[in-house]
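*Asks:* Take this structure, written in structure tokens, and hold onto it; I'll ask about it next.
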Amino acid sequence: MPAALVRIGLTGGIGSGKSTVARMLVDCGAQLIDADAISRLLTAPGGLAIPEIARQFGGYFIAADGALNRELMRQLAFSDAAARRQLESIIHPLVRQETIRQTERASAAGHTCLVFDIPLLVESGRWRSQVDQVLVVDCRPSTQVERVMARNGFTREAVQQIIAGQATRAQRLAAADICIYNDGLLLEPLGDLVRHVARRFGL
């Protein structure tokens, strides 16, 4: 009899180290379904979301190569909640379709643990019912700011604006079944924590 499929929703605020934890879970044997990566494909040149984005927002938001102009859209989305919801109404259904397709493919291939990397798991409200457990990667907001400034070259104000547009730290922790506190950790002790958690998922 095949092993039961375990669905883990992985989330965390920007700069929390969520993507690093996702890679470590893959090293433990999990199959990753990355909602952010799917979204980037949908808004790349020739992506399925591009025609509707151009229709609703105008060609000004499409770069010369045919991809979404991410910087312009980021500025609009974080300053205009209605525009952000409009963009999400285009992208989220397409992400869901591709997520279902990848889930079916992974299940057919015999994977027993799927990790859904979902930056906006708490904000969306719909993902909680689709996963068995929620794993939150947590750190202090000040750590988020410093990491993103170093990684992306954003100003402090820009990072704080992004954080303000996401679920609060308290909201994410309230949604967590399991939490990994990733503040001040080097990769090796973080990896030890992830491997410990992975055993709970049968990995």
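The values are calculated or read from the model by the stated rules, or taken from the named source; none is laboratory data. Quick caveat: nothing in here was measured; it's all calculated off a predicted structure. Neighbour counts run over all protein chains shown; Cβ positions are idealised from the backbone, glycine included. Protein only, heavy atoms only, side chains kept; ligands, DNA and RNA dropped before computing areas. Shrake-Rupley method; radii C 1.70, N 1.55, O 1.52, S 1.80 Å.
*Asks:* Helix 70-79 versus the longest principal axis of the chain: what is the Cα-based angle in degrees, 0 to 90, to the nearest 10?
*Replies:* For 70-79 against the chain, the angle is about 90 degrees.
*Asks:* Let me have the relative contact order for the stretch 51-147, percent, based on Cα pairs under 8 Å that are six or more residues apart.
*Replies:* Result for the stretch 51-147 is 11 percent.
*Asks:* What 222 nm value per residue comes from the helices of the chain, counting each DSSP H run with n ≥ 4 as -39,500 (n - 2.57) and dividing by all residues, nearest 500 deg cm²/dmol?
*Replies:* Result for the chain, helices only: -16500 deg cm²/dmol.
*Asks:* First select every other residue whose beta carbon is under 12 angstrom from the beta carbon of A44; then total the charges, Lys and Arg +1, Asp and Glu -1.
*Replies:* So the surrounding residues net to +1.
*Asks:* Let me ask something else. Compute the helix-to-body angle for 187-200: its Cα long axis versus the longest principal axis of the chain, expressed 0 to 90° and rounded to tens.
*Replies:* 70
*Asks:* While we're on this one: On a 0 to 90 degree scale, rounded to 10, what angle separates helix 18-27 from the longest Cα axis of the chain?
*Replies:* 40
*Asks:* List every residue whose amide H lies under 5 Å from the amide H of I180, counting only residues 5 or more places away in sequence or on a different chain, with H placed 1.01 Å from N in the peptide plane.
*Replies:* Answer set, sorted by chain and number: V136, V137, D138.
*Asks:* Let me ask another. Pop out the carbon and sulfur fraction of the accessible area of the stretch 54-203 as a percent, whole number, probe 1.4 Å.
*Replies:* Within the stretch 54-203, the accessible surface is 53 percent carbon and sulfur.
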